[in-house]
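This report refers to the structure that appears directly beneath it.
The values are calculated or read from the model by the stated rules, or taken from the named source; none is laboratory data. Every value quoted in this text rests on a predicted model; they were computed, and no experiment measured them. Cβ atoms come from the backbone with ideal geometry, glycine included; neighbour counts cover every protein chain shown. Quick note on the areas: whole protein, heavy atoms, side chains included, nothing else; ligands and nucleic acids left out. Shrake-Rupley method; radii C 1.70, N 1.55, O 1.52, S 1.80 Å.
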Amino acid sequence: DTAVSQTPKYLVTQMGNDKSIKCEQNLGHDTMYWYKQDSKKFLKIMFSYNNKELIINETVPNRFSPKSPDKAHLNLHINSLELGDSAVYFCASSHPLGGGNTIYFGEGSWLTVV
Amino acid sequence: EDQVTQSPEALRLQEGESSSLNCSYTVSGLRGLFWYRQDPGKGPEFLFTLYSAGEEKEKERLKATLTKKESFLHITAPKPEDSATYLCAVQAIRGAQKLVFGQGTRLTINP
């Protein structure tokens, strides 16, 4: 009964391809996120959705398009993949952060672009 | 801009050798400071949230403290299973709902 699950865990693809990562949470949270962890281990927010509505878009190239079909799912689609997109992508969820609520992370999706 | 700096980048200790990890932050009004543990190949696992200066929280061999400029994660008599990367993050009162993370401290406990 994984709380935040994302698939696939590993993804190797060629430059120029389009790929998607799926995320689902069963915690009943209203807010979901995508974070990117680069080779230096910095975790940086990319997007945040609250009840299917986009709240944060942190200057991410528009090749990245999140989609939230319902508040339990937040998928990430990436067009025209570039070498620099290689990273670990973490999905996460929380109750609205206004009250300092905890963010719970998935296990990560390792994307390698060759 | 909100910023978090963790030190040291890496720390190697012998089993039982206590130490502290530092998290310095600048934020436009702190709503909360978060500590996470990350094992290789895994997502960050929540440890603590601290909300105001002077607050302390404990969990097993870990104790987190908070001042107006920094937080410490004290590890008492660590065991090899405490080896992991420890991440610190802040949430500002103002602005969007996000955490700003430091680069982490990679802790290795040798038996």
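With loop defined by DSSP as not H, G, I, E or B, and exposure as at most 16 other Cβ atoms within 10 Å, which is the longest segment of chain B clear of exposed trypsin sites (Lys or Arg not before Pro)? My reading of the result: B:1-41 is the longest stretch.
Partner shielding of B:99-110 amounts to 3, given as the average count of beta-carbon atoms from other chains within 10 Å of each residue beta-carbon. Label-to-label distance for residue B:77 and residue B:18 is 1.0 nm, based on points extended 7 Å past Cα in the beta-carbon direction. Share of carbon and sulfur in the accessible area of chain B stands at 47%, probe radius 1.4 Å.
Peptide B:74-84 has a mean shielding of 0, counted as Cβ atoms of other protein chains within 10 Å of each residue's Cβ. Counting Lys and Arg as +1 and Asp and Glu as -1 over every other residue whose Cβ lies under 10 Å from the Cβ of residue B:33, the net charge comes to -1. Counting only other chain Cβ atoms within 10 Å of each residue's Cβ, the peptide B:33-44 averages 4. The residues of the stretch A:4-113 have, on average, 47 Å² of accessible surface per residue, using a 1.4 Å probe with all protein chains present. Which chymotrypsin sites (Phe, Trp or Tyr not before Pro) from the stretch A:11-90 combine a DSSP loop assignment with at most 11 other Cβ atoms within 10 Å? Answer in residue order: no site qualifies. Each Cα pair under 8 Å and six or more residues apart adds its separation to the average, and for the stretch A:14-97 the resulting relative contact order is 43 percent. Within the accessible area of chain A, what % is carbon and sulfur when the probe is 1.4 Å and the other protein chains stay in place? The computed percentage sits at 50.
For the chain pair B and A, the interface hides roughly 1900 square angstrom of accessible area in total, found with a 1.4 Å probe.
Computed over chain B, relative contact order equals 37 percent, with contacts defined as Cα pairs under 8 Å that lie 6+ residues apart. Neighbours of residue B:77, meaning other residues whose beta-carbon lies under 15 angstrom from its beta-carbon, give a summed charge of -2 when Lys and Arg score +1 and Asp and Glu score -1.
Each principal axis of the Cα cloud of the protein assembly as shown was taken in turn, and the coordinate range along them, longest first, works out to 49, 37, 35 Å.
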